Number of protein chains: 4
Amino acid sequence: MAHTVRDKAKLLARVRRIQGQTAGLERLLDSETDCTAVLQQIAAIRGAVNGLMAAVIEGHLTDHVVKEPEQAQRQRDLDAVLQVIKSYLK
Amino acid sequence: MAHTVRDKAKLLARVRRIQGQTAGLERLLDSETDCTAVLQQIAAIRGAVNGLMAAVIEGHLTDHVVKEPEQAQRQRDLDAVLQVIKSYLK
Amino acid sequence: MAHTVRDKAKLLARVRRIQGQTAGLERLLDSETDCTAVLQQIAAIRGAVNGLMAAVIEGHLTDHVVKEPEQAQRQRDLDAVLQVIKSYLK
Amino acid sequence: MAHTVRDKAKLLARVRRIQGQTAGLERLLDSETDCTAVLQQIAAIRGAVNGLMAAVIEGHLTDHVVKEPEQAQRQRDLDAVLQVIKSYLK
């Protein structure tokens, strides 16, 4: 079973937190609040998205790479996540 | 008038795009889709949040710093955004 | 006088620190040290480069944008640094 | 043999490129060049450091995780690199 299935409840809780933060940002913009509050809310959303990404990358590398018995499959599963990691290192 | 008010419609459109992407991520997790699709969706959300942040920082620096006639106020308005920029450079 | 001239000694001290860290990385690779030490050294160099970037961006925005009396020149000086900031937000 | 040994020549070439770029930055600061050139040089160094990091992470995950026959050792080798990846996702 994949990590995104096993950890489904935790990952969905993170997604709902991001949805709550994004709804909060919408209200800040709608109510024409001071733009410093807007900047801080966007920074908070970015932090939550990065935390979710780190959790999924860790789950992926642990389940599909560390626990996978076949080396050829480990290589394929690594390649999928390496592309995402490299996009963060540009 | 602040940039987050003048550009409100555009910024709200970006926020709603992020909300749509986050709802899509929720569906991917709920339907127990392949985790590579989950990783790519999170990367897309991160890109959209970064684009929104860049738009608000640019609006802030243009309206509150470039167009502000008083130097002391320009300094205060710069300080607000410098904190956010520095958090990206850690 | 530009901030990179006024702050020259401090900025050169940061550059020399990066040179020292990079020479250390060269020695780690040459002596075929454990690769975890290599990863940590690269992470330290990245932190020092980001700190230098933050210092130059802050100096630029303060000197060329906050302290510049002409609005049209402030806009031009902002544009130069916005390109760099945006490249961090991709 | 570790990837940092096998890929030693390539990695050292990357390190020397960063040293050349850093020496160039020192000259730019010393000659009191326009600060936009300084910003661009720092951005180029950051790109080169990120490229080196991506190469070492990829080598680490391939050699120590994909090619390692023992699962417990794969987990330990993953943990070393996860710490670095997570520091990029903050």
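Once C-alpha pairs closer than 8 Å and six or more residues apart are averaged by separation and normalised to the residue number of the range A:3-88, the relative contact order reads 28 percent. Loop-located GluC sites (Glu not before Pro) in chain A (DSSP state not H, G, I, E or B) with no more than 16 neighbouring Cβ atoms inside 10 Å: A:E32, A:E70. Cross-link check: pairs A:K8/C:K86; C:K8/D:K86; A:K8/B:K8; B:K86/D:K8; B:K86/C:K67 evaluated at a Cα-Cα cut-off of 31 Å; pairs beyond the cut-off: A:K8/C:K86; C:K8/D:K86; A:K8/B:K8; B:K86/D:K8.
Give me the percent of the accessible area of chain D that comes from carbon and sulfur atoms, probe 1.4 Å, all protein chains in place. Show your work: numbers first, answer last.
Numbers: 1960 of 3930 Å².
Looking at chain D in its full context, I get 50 percent from C and S.
Just checking the listed ones, B:A54, B:A23, B:A44: in the Gaussian network model of chain B with Cα springs under 10 Å, the one fluctuating most is B:A23.
Each of B:I85, B:P69, B:Q19 was placed along the dipole of chain B (beta-carbon charges, centred on the mean Cα), and the one lying farthest toward the positive end is B:P69.
Once whole DSSP H runs in chain C are found, which of them have Cα atoms spread over 27 Å or more along the helix axis and a mean Kyte-Doolittle score of at least 0.0?
Numbers: long enough: C:8-30 (32 Å, -0.36); C:35-60 (37 Å, 0.97).
Correct list, ordered by number: C:35-60.
Straight-line cross-link reach from B:K10 at under 18 Å between alpha-carbon atoms covers these aspartates and glutamates, not counting any fewer than eight positions away in the same chain: A:E26, A:D30, A:E32, A:D34, B:E58, B:D63.
Taking the Cα centre of chain B as origin, sum charge times position over the Cβ atoms of Lys and Arg (+1) and Asp and Glu (-1), and report the length of that vector in debye to the nearest 20. All intermediate terms of the calculation are to be shown ahead of the outcome.
Working: 13 positive and 11 negative charges, 40 e Å.
My answer is approximately 200 debye.
Between A:R16 and A:Q75, the simple spin-label model (points 7 angstrom out along Cα→Cβ) gives 4.3 nm.
If you take the beta carbon distance between B:V5 and C:K90 as r and set R0 to 30 Å, what does 1/(1 + (r/R0)^6) give as a FRET efficiency, to the nearest 0.05?
On the way: r = 27 Å, r/R0 = 0.89.
Rounded to the nearest 0.05, the efficiency is 0.65.
For the options C:Q71, C:Q41, C:Q21, a Gaussian network treatment of chain C with springs between C-alpha atoms closer than 10 Å singles out C:Q71 as fluctuating the most. Between the range D:37-90 and the range B:41-90, what is the C-alpha centre distance in whole Å? Using only Cα atoms to place each centre, the spacing works out to 29 Å.
Rolling a 1.4 Å probe over the protein heavy atoms gives the range B:29-90 an accessible area of 39 Å² per residue. Dipole magnitude for the protein assembly as shown: about 0 debye, using +1 per Lys or Arg Cβ and -1 per Asp or Glu Cβ, origin at the Cα centre. Computed with a 1.4 Å probe over protein heavy atoms only, the accessible area of A:K67 comes to about 100 Å². For the protein assembly as shown, what class follows from the C-alpha gyration tensor (a ≥ b ≥ c being the square roots of its eigenvalues): rounded when a/c is under 1.5, otherwise prolate if a/b is larger than b/c, else oblate? Oblate, since a/c reaches 1.5 and b/c is not below a/b.
The values are calculated or read from the model by the stated rules, or taken from the named source; none is laboratory data. Quick caveat: nothing in here was measured; it's all calculated off a predicted structure. FYI the Cβ positions are ideal-geometry reconstructions off the backbone, even for glycines, and counts take in every protein chain you see. Surface accessibility is based on the protein's heavy atoms, side chains included, excluding ligands, DNA and RNA. Shrake-Rupley method; radii C 1.70, N 1.55, O 1.52, S 1.80 Å.
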